[in-house]
Amino acid sequence: MRHLNSFFLLLLFSSTVQAQISSDSIQKLDEVVLSDVKLKRYAKGYKITVLSDSLLKKNGISLTDILRFNSNIYFKENGYGMVSSPSFRGTNASQTAVIWNGININSQLTGQTDFNTVSTTNFNSIDIRSGGGSVQYGSGAIGGSIHLNNLLNFSKHFDHTVKLSYGSYDTKDVSYLSSFSNEKLSMNIGLKYIDSKNDYKYLNTDQRNKNGAFNNGSINANLGYILSDKDVLKLYHQSFVGEREFSGTLSSPSLAKYEDKNFRTMLEWSHIGNYASSKLKVAHLQEHFKYFGNKTTNNFTFGKVNTYVINYTTDIDVLDNLKLKPIVAYNYFEGSGSSFGKPNRNEFSSTVLLQYQPNKAWQYGFNLRQDVTSGFSSPLLFSFDVAYEVSENYKLKLNGSKNYRVPTFNDLYWQPGGNLNLDPETSYQIDLGQEIKYKSANLILNAFYIKTTDLIQWTPTSSGFWSPQNIAETQNYGAEATMEFCYKLKAHDFLIQGNYAYTVSENLETNNQLIYVPYHKANINLAYAHKRLSLFFQHLFTGEVYTTTENISGPFYSVDPYQVNNFGASYKVLKTNTQQIDLSLKVNNLFNTAYENVAFRPMPDRNFNFQIQYKF
Amino acid sequence: MKKIILSIFAMSLFIVSCSSDDDATPSEPLGAYEDGIIVSGEGGPSSISFISNDLMTTENEIYFNVNNEATGVYLQSIGFNDDKAYIVVDAGTITVVNRYTFEKLGTISTGLTLPRFIAFDGNTAYVSDWADPNDTTDDYIAVVDLSTNSVTSTIPVSEGPEQVLEESGKIYVSHKGGYGVNNVISVINISNNLLETITVNDVPDEMFIDESGNLLVLSSGANQSWLTPPVETAASITRIDLSDNSIISNLEFATGEHPGLMTYDDGIAYYILNNKVYTLEDNATSLPTSPLFDITTGYAYGLSVRDNQLFVTDGNFTANSTLLIYDISTGTETNSFSVAIGASKIYFNE
């Protein structure tokens, strides 16, 4: 353990380390540094995209913006800053899991995460894991999962970052990050507050985005303490308190308002042994919303869920090349709300992950999970993955899995309509990936197929209200390409990075494309850096999406394709060993393009953001 | 020269004959959407469909096509008065259009919160409004001056006012109950705004004046299976004598039967129950035991009758709905049309 600290340093400051980790000692470190070991160690056959710290900082405000400009994931956003739900490989919003330090944080009420209620401040990395992950991450990891990770840096340091930004629509953003360690204790804290009138102009009309203001504050605080050279105790916490007006549509004003409160706390104890390391996690998650149909009154509806998690896992080195990770977990959910009484749910899960590396070129993973949930029966889930390094430049990856999504509290208990006889949605998927690497160029190609049965859909009933049923069957298939190329010419650095996805997602009864899934989505990022100056340009193309199940084009049936571009420049005004000041300017929607992401809900016109960042 | 004079003479003859006898020659069409069936769809997005009376011309999204804007979330109902139509949208607006061209003439929004239906008395309109749907005590009828398109006063009423109907100087309001359950008909005397109530079965909705001038009300009955214990009350068709608001007859349905759609024409009420069409004549003393004919819908969501034809919308909320036309005498489906998403109301624009 003597070299522990230097390894931490290595982990934290090497940007390519994630792809390279293979040696045993570093794997042990994973167990201490990462709360989510299975993401690194038991996913060799999966495509994992890492969005680095610097990228997160560049994109600023919301997780929606970061992902729509830097990944293949498509977002359906009800106007800027409003409810935002992802479609990952053509799946619906409740089929993408969001994982916070290894724990699934999708809402128990809606089954999904609103990506505009996740503050990206103080996450060291955001990882995108493509492909089914229910064995590892539970309900909802059907298309893929998004991982928000906090790392604790145990090398001796004490630094601060203050960021102030001001932008169009009276948008104010203040954040403060601080990180400290004395080699035994490590802690970091991030505070952020953002406030925006968000009253952007609807291009080509004389209207503005009325009733779209939002503000939110968040705290991320993480603490790690090395008890002995075999034991580490860690505490993670995240709070998010947000208030949003819900803007109307082009034709209808709105007076609605929505308040979110999310609290997440996790205590983790790791014990590191010679052949086995164990980890005990205890977590409490709370989600709480209030919806005001009319913000001028005090009448609201609400929903609240407390989730309690106990999770115990061991990482066992059975042989040098055979690793085993059993996990047992117990979750207890208790909800209360205006429309569904006070339901609760018990969930017990047992999982076994197996990783086998017969030689340097081949890696196999095989994983099983069985849940026992009160109220309905869950299927036995499995997944397997294979990675084969054909050569230094070429790697093949294959994974397949059976995944599921459990009915939400809304599906089961909503009054009226809630249906206690629902089954979990189940899904099979297979994903073949190729990674081609040549010097500083990377190309990742994936092809996937997903078939989902027993999809839960709300439909009107003869009783006059809507009720969910396990009725639909869908299949999704498509291809993704991700490429990255850096080039250095003397003191000039160039980077080009791009993503393209072709996605077919169809209802098997009608063979029609599902609503709000574009066939084509692409983005390109260009960056240039020279000495203290850096510039970047982002381009996003989203193809036409249908808004009704009939697949007709036109203003009532589809949303037009759009292209939107951003430009940013940053300059280091001051740079010393201990201090750094960056000034940056970002222009969003550079060409003032009128576009909608959801029908009749225009997105912002050209807007500016000015930021000053001081590190010391 | 002679020819010109002759033709001018002929022209003047034509003009004279035109103005002297309107009935003898076809009148100029008042707009593209005259003489047809108007179907309103709740959405979303909400829209309005048109089908000409000869069933030869159909057009969806007519309001959007004319005005290049959508009707809003959600389109609840349309009222017709003189040459205007009033499009009532839940989000708190009524859009005033020319009923024949569907060109937008104005909007009424100040003073409206969650409007449902509109009725007319001369130059005044009465609009039922739930206000805040979570507040059971703030519901009202908005009184609208149609010359200025503004709400001039409000009349507080009990929870969940739904359909409104004007008859002989009084406004009748069925209180479906909004998000809850109510069981009254409000009667507003237009001359002095005095309010009376008539108690009927739970969830009164559709209202018609029968051939004898009585008020016919369909109440769906409560069916709150999700409550513990579940609450279920009987649906009924109630006939009310408007001279003294007394109940002439109250025909109750069996347990488990909760019809939601009724229409009325020429002495006969038509209602739908579990994809079957039943009829009730004015002098009936009991509910019919056998249906007139069966229909095939996934979700019957709108009902109207004209002449010998029954119009039913099969509501679809994720794609276009279907308007089905049935021949009443044979019970056969004669036509079907793709109409607005969430098609809920069928009107005849004569």
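Brief remarks follow.
- Residues in segment A:230-256 that are charged (D, E, K, R) and surrounded by 21 or more Cβ atoms within 10 Å (Cβ to Cβ) were compared, and the one that is nearest to the other protein chains (Cβ to nearest Cβ) is A:245.
- Whichever residue in segment A:132-148 is in contact with an Asp or Glu (Cβ under 9 Å, 6 or more places away or on another chain) and among the hydrophobic types (A, V, I, L, M, F, W, C) and, among such residues, is surrounded by the most Cβ atoms within 10 Å (Cβ to Cβ): A:142
- Within segment A:555-564, the residues that satisfy the criterion of being at pLDDT 90 or above and within 20 Å of residue B:338 (Cβ to Cβ) are A:557, A:558.
- Subset of segment B:79-90 (residues that are surrounded by fewer than 24 Cβ atoms within 10 Å (Cβ to Cβ) and in contact with a Pro (Cβ under 8 Å, 6 or more places away or on another chain)): B:90
- Those residues of segment B:323-350 which are surrounded by fewer than 23 Cβ atoms within 10 Å (Cβ to Cβ) and in a loop (DSSP other than H, G, I, E, B), in sequence order: B:328, B:329, B:330, B:331, B:350
- Here residue A:175 fulfils each of the conditions (1) under 20 Å from the mean Cα position of the chain (by Cα); (2) surrounded by 19 or more Cβ atoms within 10 Å (Cβ to Cβ) apart from (1).
- Considering residues of segment B:239-262 that are polar (S, T, N, Q) and within 26 Å of residue B:224 (Cβ to Cβ) only, the residue surrounded by the fewest Cβ atoms within 10 Å (Cβ to Cβ): B:255
- Residue selected from segment A:348-367 under the condition surrounded by fewer than 17 Cβ atoms within 10 Å (Cβ to Cβ) and within 27 Å of the chain's Cα centre (by Cα), by the criterion nearest to residue A:317 (Cα to Cα): A:352
- Matching option when the condition is under 27 Å from residue A:40 (Cβ atoms) and either aliphatic (A, V, I, L, M) or touching a residue at least 60 places away in the same chain (Cβ under 8 Å) (or both), among A:372, A:390: A:390
- Per the conditions (1) more than 12 Å from chain B (Cβ to nearest Cβ); (2) surrounded by fewer than 17 Cβ atoms within 10 Å (Cβ to Cβ), the sole criterion not satisfied by residue A:568 is (2).
- Selection of first residues in segment B:32-45 that are at positive phi and of second residues that are in a loop (DSSP other than H, G, I, E, B) and surrounded by 24 or more Cβ atoms within 10 Å (Cβ to Cβ), restricted to Cβ pairs under 7 Å at least 6 apart or on distinct chains, gives the following pairs, ordered by first then second residue: B:43/B:342.
- Screening the candidates B:124, B:137, B:148 for the property of being of a type in the set (S, T, N, Q), in contact with an Asp or Glu (Cβ under 8 Å, 6 or more places away or on another chain) and under 30 Å from residue B:68 (Cα atoms) yields one hit, B:124.
- Residue A:338 meets all of the listed conditions (1) surrounded by fewer than 16 Cβ atoms within 10 Å (Cβ to Cβ); (2) at pLDDT 90 or above; (3) touching a Phe, Trp or Tyr at 6+ places or on another chain (Cβ under 7 Å); (4) among the hydroxyl-bearing types (Ser, Thr, Tyr) but one, namely (2).
- Qualifying residue in segment B:89-110 (condition: part of a strand (DSSP E or B), over 18 Å from residue B:345 (Cα atoms) and in contact (Cβ under 8 Å) with a residue 60 or more places away in the chain): yes
- Search result, residues across segment B:51-72 that are free of Cβ contacts under 8 Å to residues at least 40 places away in the same chain, within 14 Å of chain A (Cβ to nearest Cβ) and of a type in the set (A, V, I, L, M, F, W, C): B:64, B:66, B:70
- Residue match in segment B:85-102 (condition: within 22 Å of residue B:42 (Cβ to Cβ), touching a Ser or Thr at 6+ places or on another chain (Cβ under 7 Å) and more than 13 Å from chain A (Cβ to nearest Cβ)): yes
- Selection count, segment B:297-322, where residues are away from chain A (no Cβ under 14 Å), of a type in the set (S, T, N, Q) and in a loop (DSSP other than H, G, I, E, B): 1
Yes/no matrix, rows are residues, columns are (1) modelled with pLDDT of 95 or more; (2) more than 25 Å from residue A:178 (Cα to Cα); (3) in contact with a strand residue (DSSP E or B) (Cβ under 9 Å, 6 or more places away or on another chain):
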{"position": "A:516", "(1), (2), (3)": "no, yes, yes"}
{"position": "A:519", "(1), (2), (3)": "yes, yes, yes"}
{"position": "A:527", "(1), (2), (3)": "no, yes, yes"}
{"position": "A:542", "(1), (2), (3)": "yes, yes, yes"}
{"position": "A:546", "(1), (2), (3)": "no, yes, yes"}
{"position": "A:568", "(1), (2), (3)": "no, yes, yes"}
{"position": "A:574", "(1), (2), (3)": "no, no, yes"}
{"position": "A:614", "(1), (2), (3)": "no, no, yes"}
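- Taken over segment B:123-149, the residue count meeting the criterion of being polar (S, T, N, Q) and within 22 Å of the chain's Cα centre (by Cα) is 4.
- In segment B:112-130, the qualifying residues are those that are within 14 Å of another protein chain (Cβ to nearest Cβ) and either on the phi > 0 side of the Ramachandran plot or not in a loop (DSSP other than H, G, I, E, B) (or both), and the one that is surrounded by the most Cβ atoms within 10 Å (Cβ to Cβ) is B:115.
- On the stretch given as segment B:234-243, residues that are away from chain A (no Cβ under 14 Å) and part of a loop (DSSP other than H, G, I, E, B) total 3.
- Selection count, segment A:186-207, where residues are assigned to a strand (DSSP E or B), under 20 Å from residue A:603 (Cβ atoms) and among the aliphatic types (A, V, I, L, M): 1
- Residue check, residue B:95 under 19 Å from the mean Cα position of the chain (by Cα) and buried (at least 16 other Cβ atoms within 10 Å of the Cβ): yes
- Filter pass, residue B:251 being in contact with a strand residue (DSSP E or B) (Cβ under 8 Å, 6 or more places away or on another chain) and more than 14 Å from chain A (Cβ to nearest Cβ): yes
- The selection criterion, being buried (at least 17 other Cβ atoms within 10 Å of the Cβ), within 14 Å of chain B (Cβ to nearest Cβ) and at pLDDT below 95, does not hold for residue A:302.
- Output for segment A:528-558, where each listed residue is outside any strand (DSSP E or B) and more than 14 Å from chain B (Cβ to nearest Cβ): A:531, A:532, A:543, A:544
- Criterion (of a type in the set (D, E, K, R) and within 14 Å of chain A (Cβ to nearest Cβ)) met by exactly one of B:276, B:345: B:276
- Residue match in segment B:314-337 (condition: charged (D, E, K, R) and within 20 Å of the chain's Cα centre (by Cα)): yes
- Segment A:375-396: number of residues that are within 15 Å of residue A:424 (Cβ to Cβ) and among the aliphatic types (A, V, I, L, M): 2
- The residues on offer are A:290, A:295, A:323, A:342, and the sole one that is within 14 Å of chain B (Cβ to nearest Cβ) and in contact with a Lys or Arg (Cβ under 8 Å, 6 or more places away or on another chain) is A:295.
The values are calculated or read from the model by the stated rules, or taken from the named source; none is laboratory data. Because the structure is a prediction, the values reported are computed rather than measured. Cβ coordinates were reconstructed from backbone atoms using ideal geometry, including for glycine residues, and neighbour counts include every protein chain displayed.
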